[in-house]
Every structure is written in C-alpha cells, then in structure tokens.
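Working notes for the structure below.
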Amino acid sequence: MTLQTTSHTFLGMPPFPEAARAALANTQQRRNLAHATATIRGKRALVVGEVERWEELRVAGADAKDEALHHLPHYLEQLEENLTARGATVHWARDAEEANRIVVDLVRATGSDEVVKVKSMATQEIELNEALEAAGISAWETDLAELIVQLGHDRPSHILVPAIHRNRAEIREIFLREMGTVGRAAPEDLTSEPARLAEAARLHLREKFLRARVAVSGANFAIADTGTLVVVESEGNGRMCLTLPQTLISVVGVEKVLPTFADLGTMMQLLPRSSTGERMNPYTSMWTGVHEGDGPQDVHVVLLDNGRSAVLEDELGRQALRCIRCSACLNVCPVYERTGGHAYGSVYPGPIGAVLNPQLRGTSSPIDKSLPYASSLCGACFEACPVRIDIPALLVDLRTKVVDEASGRSPEAASMRATAWMFGDHRRLEAAQRASTLAGRLLGGRSLRSIPGLGAWTQARDVPNPPRETFRQWWARTHGDDEEAGS
Amino acid sequence: MSAREEILSRLRTATADIITQPGARGEVPVIGVASPGPEQTLELFAENVADYRASVTRCRPDEVGQAVAAALVRARAHVLLVPDGVDATWVEPLRDSGIRVVRDEGLTADQLDGIDAVVTASRVGIATTGTIVLDHADDQGRRALTLVPDQHVCVIRADQVVHDVPDAVAMLDPVRALTWISGPSATSDIELDRVEGVHGPRTLDVVIVS
Ligand code: SF4
C-alpha cells in the first residue's frame, strides 16, 4: 500500500480541535462562512427539488463511478488508448513529486516561463505551483477565487469557492494591494461591489490569457470510451486556458475516469445542481485529444495515483473515490460552517476531507488522526452527496482504525476514545451539549475546561461561557426545513 | 518498473476482490424528463435561458437577420465576427448598418480581443437547464471565436432543442470539441452571489427560430 506523503504545508498542522479553536475565534471568517453556506444551501435545495428523479440520478451516479473504480485498470488503459489515438500524450505519475517533475519538464520544453491555470484540486494536492515556482516558472491562477487566494498569499478553504472565507471588502483590499505587483493593477477607484471586483479580475487576467503559451488544468471527468476530458466552470477562465494556449497539460487523478460518454447524461445533472446550486454551470468544455486547427495542438494528460490506489484497496473506504468534488457536503456541514476549511489541514476540507485525507495519507500525523472526529455524524453530508458516499460510516470506520492503531494506551488514544464515545452516540452528544449549555448558565464566567466527560471538542472551543444554544440545537432550528426540501 | 506498470499493478491488487466483469452493470440508464410536447419544451428552454439573464428572441426564419441586428445595436457592437459556415441571410441586413463584418482568417487572440461580437449557429439546446451546446462546426467556428469577443449572438432552430440533458448527450459527437453554454459568463466566488460577466462573453443573445 503506497500512501501519499503529507506535504510540508500541512505536516506540522495541529490536530483538528486545536486548529478549529483558532478558526472559531475568527468571527469575521465565521460570519462570511455562515452567510455563504446558507446562500448556497438554499440555492441547492431549490434546484435539486426541481428534479423529480433525483434519487435515481444519485444511484446512477454512484453506479457509474463504482463501475469505473471496480475496473480501474481496464478503464484507464482504454482512456489512454483513446487519448493517444486522438493525438494526446499520456503520462503516469506514481506520486506528487513525479507528477510535478513531468509537468515542469513539459513546460520547460516549450521555453515558456509562465503558465495559466484552471482551478484544479489535483494540482493543489501535489502543490504544483510551488514546484513550478521553484523551477522559475510563474503559475497564474485564473479562477476568481483562486486568484483571491493566490494574491492574498492565503490557502483555499473550500473546494468550490476557495476564498469563501473572504468577504467583498477584504477582496477589494487584496486586489488594490497586490494586482499591480504581478501584472495589470486594479483600477484606483475600485469599489467592493462584486461586479466591479469581477471586472478588475477580467482586466487583470486578460493580458495573461492573450499571451499565454502553456496552460495547466485538471479535469472533472475523463471518459474512457472516447478519451474526452471535461472541465466544468463558471467564469470562462477555463475556456480561455483550454482554448488559447498552444500547449495544454491536464493533471487528472486516476479516479476521475467515467466508463462512457453516456454517463455524462447523469453527471451533468448531478454536479452543477449539487455544487453551485444552478441548473447548469455557465460553461463546460469537452475536448478529445487534439482538435485540428482549434485550440492547443500539443495536448498532455498526466494520470496521477498519489495514494489513490491505497484508498481503493479498502472495500468500504473506496467509495470515497466516487467524489466529484461538488462541495455539497461542506455546505451542509455544521462543523465546517463553524470552523472553515483551513482547520482540516489539507486541500480537501469538510466532511469528504475528514475521510479522504486520513485515507490518502494514513493516520500517523496528529491532524490525520483527529480528522475522523471532526464530525458530529449528523448525516447531512450523506443526504447531500450526489454520488451517495456514506461519509458517516466511513468516519466511524476510520475512528476504529485510529483507536486500534493507538492500541488504547497513550493519553491521546484515551482522549480519542472519549471523543469517539461522545460523538459515537448522538444522544450522548446532545446530553453533553445540553449539560454544557446549562452549565454555562450556572457557571457564570468560569471556564468549562475542567468539566469531566466533555472531551477534546469542548476544550477546542475554549469558551469561557458555553453558548446558550449549541450548534446541534442551532442546526435543528435553522436547517430543519431546507434539509427536507433538499433531499 | 515504469510508473504506468506500477500504478496499474497497484490498482489491480487493490481491486483483486472484484469478481464482476467490466460492463456488468449493463446499459447506462437514461434518467431524464420526457418532453411534454415540442411547444412546452421550447417555452421551458426560452424561460431557462432568460433566467440566466441572457436575452431571448423568438422569430421566424426570415427574421433572423433583424433579430441579430437588433441584438448588436442593443450592445453597441461595431465589429461583428462571422464564422464561414453561418447562413448569409443572418448578416444580410447589416450591410448598410455601419456595423463592420469580419471573417476568421486565422485571427490571433489579440485580434479577436478587438472584436465586439460574434454570431453563430449551435448544435443542440437543452430545455430543462437552458443550455446551448456548440460542437464548433463551420457555422459556429473554432472555440476561440465564441470566447474572446464580449458578445455572443447564438441562433438556434426550434428543432435543435431537446428536453433534457441525456437527450443532448445522446446527440453529441464526442470526437468534436464541445462547449456547453448556460448564460453569460458568471461567477459566484464573491460571497456566493452570482455576478454576470467575467472572462467569457458578458452578453449572450439567443435567437430561437421556428
Ligand atoms: S463527498 Fe459527495 S457531496 Fe462531498 S464533495 Fe464529494 S461528491 Fe460532493
């Protein structure tokens, strides 16, 4: 079993409860997140409610991914054959380092010292930008949210909207301060009106698109029986990158394969409605190798393992590889909404991150040990997931593994057991939280750290006065309705 | 061992417990809504396209030219790009309008950036989502043409509009480059509010011909 190496960025990450404590203290971020996730939950519920056969679609989506995953070698070989027949060059990368080396070499061969990039989880995961930078190649992120993150010297905190933790005023400041240092400066009279901010991004990036000779992308789907790659996006930055440069390099996780083109009939219904809460996203590009006289004539696809084969080994755990990165599970998660994405110590935050990171990287680091506990097992993520990944079941399974590994001896293992015990049964959790709320009223100003039986999570919150309403109570009050509408 | 061999071997080991053959799941299920009738499908299409804040005009075949001209005037376009395969009658009324018509003679990205608008046909429309799919045949031109100019006037025949997503997927030829367009370029990246107009055409005009 070959796991992914945890990158230096996240290696020293504190366990989730500690990281969450810092995030919870950031009121601005919590406010931004609460607003954003409430908006998207409402939109998703509306457009999912429109589709009568939603449950059938979810089953078909899960089946399509399972078909591909169960026979992954077969479908990968088919994909490779079709891509090659259509003029693309296929590369294979065992891990992040190998993938980065392949991409750096390809860019060097073109003589270009810059690339434009379409938002891609896979390239974030392998930290391609850093590798390019080290090779003297500038990587320009072109997705608006990625641009905000890149210009803000920040890290993404959401799969779909990586700058979800930033509000418009902060974005304006970042644009004014940073755009001029890497290209066309933001207009001096820039306001925080979203339309003006989008316009500033348009102007800033256009000169980069027009002169770019190399683009790097990921892919939402790779169709085995045709060799077609699919990129789903909103702004047109994807189309720019996929169309204007001469050379296109796509880094694609091996789990992105779909058996047939017809499966898009299912996926193109599930993905947009689950992710941005739209009937369809503004733009989807599909390309099959090289199209003569149209778009990039030098087309490369890097198929990436980086721990995925290890995830596939686990009969129960492999369903996590169905994930189409829609982010619906993040948007409905009461823990994510409160802590934000950074606390998960990975490019994959939220419920799916709590599963996928320990699966991909193993459970040796403090952050990966604690992630399976970053959930109250309320089940909202499973209900929202368009490919029916049973995230709560996977979390419970991972908890067992963490506890087994620790052999129940270390104090850490003991605290894990306490948390597991508490989170393992929702009545216990509710009782503990009610007790803590009640205690808050009784305790006045004193800290709750010493209350026995409340476990690590209470400590992480570090609240001198427990809230009058726990997030579970709050969840029941504010989400009860849209839960029903959404499922 | 090459990376390819090693990855494939890891994946084979990982799936050693699977006993079914590839394709055992059978035909891909077609899950969509059937059209309640051509006129309802067309109406739903028009409604959903308009919902993205694209402008929608319905007209007869002999009125396309006027509809295109009106869209260009609304957006104050001065230079119009016309792919070679476009029906000439669509641009006929522009002759004395002062709007300059240009052809794609291998225009560079910079040259395209100086063009205000492009008019194209389309391959298929999807009613339930308000989507237009281009397959970049001669009457639509290569992909850059409908991307760099700030206005896209897209003409679609009523008989090209299907009801649901799987109907469209079944009609498309994956060997061609495909672009699915649902409204003008937009972003939800700032506080998850949808804002129209980022990098792709900020104005989308759809002309439905029946
Ligand atoms: S786990 Fe499911 S809901 Fe979460 S991002 Fe992946 S596909 Fe979407």
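Looking only at region A:47-90, count how many residues are among the aliphatic types (A, V, I, L, M) and under 18 Å from A:Cys385 (Cβ atoms).
Here the count works out to 10.
Going by the structure shown, is A:Val231 away from the ligand (no atom under 16 Å from the Cβ), within 28 Å of B:Ala54 (Cα to Cα), more than 7 Å from chain B (Cβ to nearest Cβ) and under 18 Å from the mean Cα position of the chain (by Cα)?
yes
Test of understanding: among B:Leu134, B:Leu147, B:Leu192, which residue is farther than 30 Å from A:Ala38 by Cβ and facing chain A (nearest Cβ under 8 Å)?
It is B:Leu147.
Which residues, taken from region B:43-63, are over 16 Å from the mean Cα position of the chain (by Cα) and open to solvent by less than 20 Å² (accessible area, probe 1.4 Å)?
Hit for region B:43-63 is B:Cys59, nothing else.
I'd like to check something: does region A:186-193 contain any residue that is of a type in the set (A, V, I, L, M, F, W, C) and within 11 Å of another protein chain (Cβ to nearest Cβ)?
no
Restricting to region A:341-350, what's the tally of residues that are open to solvent by 10 Å² or more (accessible area, probe 1.4 Å) and part of a helix (DSSP H, G or I)?
Number satisfying all stated conditions: 1.
Among the candidates A:Ala200, A:Ala219, single out the residue that is modelled with pLDDT of 95 or more and among the hydrophobic types (A, V, I, L, M, F, W, C).
The match here is A:Ala219.
Inside region A:311-326, can you point out the residues that are within 11 Å of another protein chain (Cβ to nearest Cβ) and either within 13 Å of the chain's Cα centre (by Cα) or within 15 Å of the ligand (Cβ to nearest atom) (or both)?
Scanning region A:311-326 gives A:Val311, A:Gly317, A:Arg318, A:Leu321.
Within region B:195-209, track down each residue that is open to solvent by less than 10 Å² (accessible area, probe 1.4 Å) and assigned to a loop (DSSP other than H, G, I, E, B).
Passing the criteria: B:Gly197, B:Val198, B:His199, B:Gly200, B:Pro201.
Which ones in region A:262-276 are without any contact (Cβ under 8 Å) to a residue 40 or more places away in the chain and crowded, with 24+ Cβ neighbours inside 10 Å?
Matches in region A:262-276: A:Gly265, A:Met268.
How about region B:7-21: which of its residues are open to solvent by less than 50 Å² (accessible area, probe 1.4 Å) and facing chain A (nearest Cβ under 7 Å)?
B:Ile7, B:Leu8, B:Arg10, B:Leu11, B:Ala14, B:Thr15, B:Ile18, listed by residue number.
Could you tell me which numbered condition A:Ala163 fails, if it satisfies all but one of (1) assigned to a helix (DSSP H, G or I); (2) under 26 Å from A:Leu248 (Cβ atoms); (3) aliphatic (A, V, I, L, M)?
(1)
If you check A:Arg239, A:Arg279, which single one turns out to be surrounded by fewer than 24 Cβ atoms within 10 Å (Cβ to Cβ), under 29 Å from B:Thr203 (Cα atoms), in the same structural domain as A:Leu132 (by TED's automatic domain parsing) and not aliphatic (A, V, I, L, M)?
A:Arg279
Tell me, yes or no, whether region B:158-165 has at least one residue that is at the interface with chain A (Cβ under 9 Å from one of its Cβ atoms) and open to solvent by less than 20 Å² (accessible area, probe 1.4 Å).
There is at least one residue in region B:158-165 that is at the interface with chain A (Cβ under 9 Å from one of its Cβ atoms) and open to solvent by less than 20 Å² (accessible area, probe 1.4 Å).
Within the bounds of region B:112-120, is there any residue that is within 30 Å of A:Asp225 (Cβ to Cβ) and touching a strand residue (DSSP E or B) at 6+ places or on another chain (Cβ under 9 Å)?
Scanning region B:112-120, I find at least one residue that is within 30 Å of A:Asp225 (Cβ to Cβ) and touching a strand residue (DSSP E or B) at 6+ places or on another chain (Cβ under 9 Å), so the answer is yes.
Looking at this structure, is B:Thr187 free of Cβ contacts under 8 Å to residues at least 24 places away in the same chain and of a type in the set (Ser, Thr, Tyr)?
The answer is yes for B:Thr187.
Would you mind stating whether A:Val51 is at pLDDT 75 or above and surrounded by fewer than 17 Cβ atoms within 10 Å (Cβ to Cβ)?
Here the answer is no, as A:Val51 does not meet what is asked.
Report yes if A:Arg338 is out of contact with any Ser or Thr (no Cβ under 9 Å at 6 or more places or on another chain), within 16 Å of the ligand (Cβ to nearest atom) and open to solvent by 10 Å² or more (accessible area, probe 1.4 Å), otherwise no.
So A:Arg338 does not fit the description; no.
I need a count of the residues in region A:306-338 that are part of a loop (DSSP other than H, G, I, E, B) and touching a Leu at 6+ places or on another chain (Cβ under 8 Å).
The number of residues fulfilling the criteria is 8.
Among (1) surrounded by 19 or more Cβ atoms within 10 Å (Cβ to Cβ); (2) touching a residue at least 60 places away in the same chain (Cβ under 8 Å), there is one condition A:Ala145 misses while meeting the rest; what is its number?
(2)
Hey, among the residues in region A:158-187 that are farther than 19 Å from A:Ile40 by Cα and open to solvent by less than 10 Å² (accessible area, probe 1.4 Å), which one's farthest from the ligand (Cβ to nearest atom)?
A:Met179
If I filter region A:235-253 for residues that are at the interface with chain B (Cβ under 10 Å from one of its Cβ atoms) and within 16 Å of the ligand (Cβ to nearest atom), do I get at least one hit?
Within region A:235-253 (the criterion being at the interface with chain B (Cβ under 10 Å from one of its Cβ atoms) and within 16 Å of the ligand (Cβ to nearest atom)), the answer is no, since none of the residues qualifies.
Among the listed residues A:Ala99, A:Ala62, A:Ala109, A:Ala22, identify the single one that is open to solvent by 30 Å² or more (accessible area, probe 1.4 Å), modelled with pLDDT of 95 or more and part of a helix (DSSP H, G or I).
Of the residues listed, the single one that is open to solvent by 30 Å² or more (accessible area, probe 1.4 Å), modelled with pLDDT of 95 or more and part of a helix (DSSP H, G or I) is A:Ala109.
Would you mind finding the one in A:Ser365, A:Ser346 that is hydroxyl-bearing (Ser, Thr, Tyr), modelled with pLDDT under 90, closer than 30 Å to B:Ala3 by Cβ and more than 16 Å from the ligand (Cβ to nearest atom)?
Answer to the check: A:Ser365.
Would you confirm whether or not region A:271-286 contains a residue that is more than 10 Å from chain B (Cβ to nearest Cβ), more than 26 Å from A:Ala96 (Cα to Cα) and among the hydrophobic types (A, V, I, L, M, F, W, C)?
For region A:271-286, residues more than 10 Å from chain B (Cβ to nearest Cβ), more than 26 Å from A:Ala96 (Cα to Cα) and among the hydrophobic types (A, V, I, L, M, F, W, C): present.
Can you tell me which residues in region A:373-394 are closer than 22 Å to A:Thr37 by Cα and either surrounded by fewer than 22 Cβ atoms within 10 Å (Cβ to Cβ) or away from the ligand (no atom under 12 Å from the Cβ) (or both)?
A:Tyr373, A:Ala374, A:Ser375, A:Ser376, A:Leu377, A:Cys378, A:Gly379, A:Phe382, A:Glu383, A:Arg388, A:Asp390, A:Pro392 - these are the residues of region A:373-394 that are closer than 22 Å to A:Thr37 by Cα and either surrounded by fewer than 22 Cβ atoms within 10 Å (Cβ to Cβ) or away from the ligand (no atom under 12 Å from the Cβ) (or both).
Can you find even one residue in region A:210-227 that is in a helix (DSSP H, G or I), crowded, with 24+ Cβ neighbours inside 10 Å and touching a strand residue (DSSP E or B) at 6+ places or on another chain (Cβ under 8 Å)?
Within region A:210-227, not a single residue is in a helix (DSSP H, G or I), crowded, with 24+ Cβ neighbours inside 10 Å and touching a strand residue (DSSP E or B) at 6+ places or on another chain (Cβ under 8 Å).
The values are calculated or read from the model by the stated rules, or taken from the named source; none is laboratory data. As the structure is a computational prediction, the values presented were derived from the model and not from experiment. Here the Cβ is made from the backbone with ideal geometry for all residues, glycine too, and neighbour counts use every protein chain on show. Accessible surface areas use protein heavy atoms only, side chains included; no ligands, DNA or RNA. Shrake-Rupley method; radii C 1.70, N 1.55, O 1.52, S 1.80 Å.
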